[in-house]
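The values are calculated or read from the model by the stated rules, or taken from the named source; none is laboratory data. Only a predicted model underlies this, so the values are computations on that prediction, with no experimental measurement involved. Note: ideal-geometry Cβ built from the backbone for every residue, glycine included; neighbour counts use all protein chains shown. Accessible surface is based on the protein model in full, side chains and every heavy atom, while ligands, DNA and RNA are left aside. Shrake-Rupley method; radii C 1.70, N 1.55, O 1.52, S 1.80 Å.
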Amino acid sequence: FEAYQLSRKNKNWWRILNGKENQNLIMRLRKKDYLQLVHNNREIIVQIAYFTKGIFALVEHFEANVDGRVRDKKEELKYIFKSPGSLQTSNAKRVTVSPSGIVKIYH
C-alpha cells in the first residue's frame, strides 16, 4: 500500500536512494528477491517469500511449493523470520541470478 502511494506521487520513487526521513537506504527489498546471509553459522542464499511491516519470511532458494509445504504439518520446512535489524547482523547481501545462471553478490 505504501509503495502504491509513493508511486502516485513520483513514478520513479524506487530509484530514490533516501528513505522517508531522508536517511540513506541500505537496500530496497521486494518479494522474491534473493539474499545471501549467515543463518545458524551457515552461509545460505534465501528468497523473500513474503514480508509484513518489520518482518521478512525467508526460505532457502532451492525450495519449491513453499506455501503449501510450510502449512503441511508433516513437512519439516519452516520459514526463516528476520527483522531488518537481524538482516544486518546476519550480514545480508543482495543476490541476483542471470538467466544463464551466473550469481552476483552485491556487497
Can you list the GluC sites (Glu not before Pro) in segment 17-107 that are in a DSSP coil and have 15 or fewer other beta carbons within 10 angstrom? Glu21, Glu63, Glu75, Glu76
Points 7 angstrom from Cα along the Cβ direction at Leu77 and Thr96: gap in nanometres? 2.7 nm
Give the cross-link partners of Lys32 among the aspartates and glutamates, using a straight C-alpha distance below 17 Å as the criterion and excluding same-chain residues fewer than 8 apart. Glu60, Glu63, Asp67
Taking a 30 Å limit on the Cα-Cα distance, which of the listed pairs Lys73/Lys104; Lys31/Lys74; Lys31/Lys73; Lys11/Lys53 fall beyond it? Lys73/Lys104
At most 10 other Cβ within 10 Å, DSSP loop - trypsin sites (Lys or Arg not before Pro), segment 25-107: Arg30, Lys32, Lys53, Lys73, Lys74, Lys78
For the chain (alpha-carbon point model, no solvent) the Debye-based log₁₀ I(q)/I(0) at q = 0.11, 0.13, 0.15, 0.22 Å⁻¹ works out to -0.41, -0.57, -0.75, -1.31
222 nm mean residue ellipticity, helices alone, for the chain (DSSP H n ≥ 4; -39,500 (n - 2.57); rounded to 500): -4500 deg cm²/dmol
What does the accessible area of Ile16 come to, in Å² to the nearest 10, when a probe of 1.4 Å is used? 70 Å²
Percent of accessible area on the chain owned by carbon and sulfur, 1.4 Å probe? 52 percent
Per-residue HN-Hα couplings for segment 26-35, Karplus 6.51 cos²θ - 1.76 cosθ + 1.60 at θ = phi - 60°, whole Hz, x for Gly and Pro? 7, 7, 10, 10, 10, 4, 6, 6, 9, 9
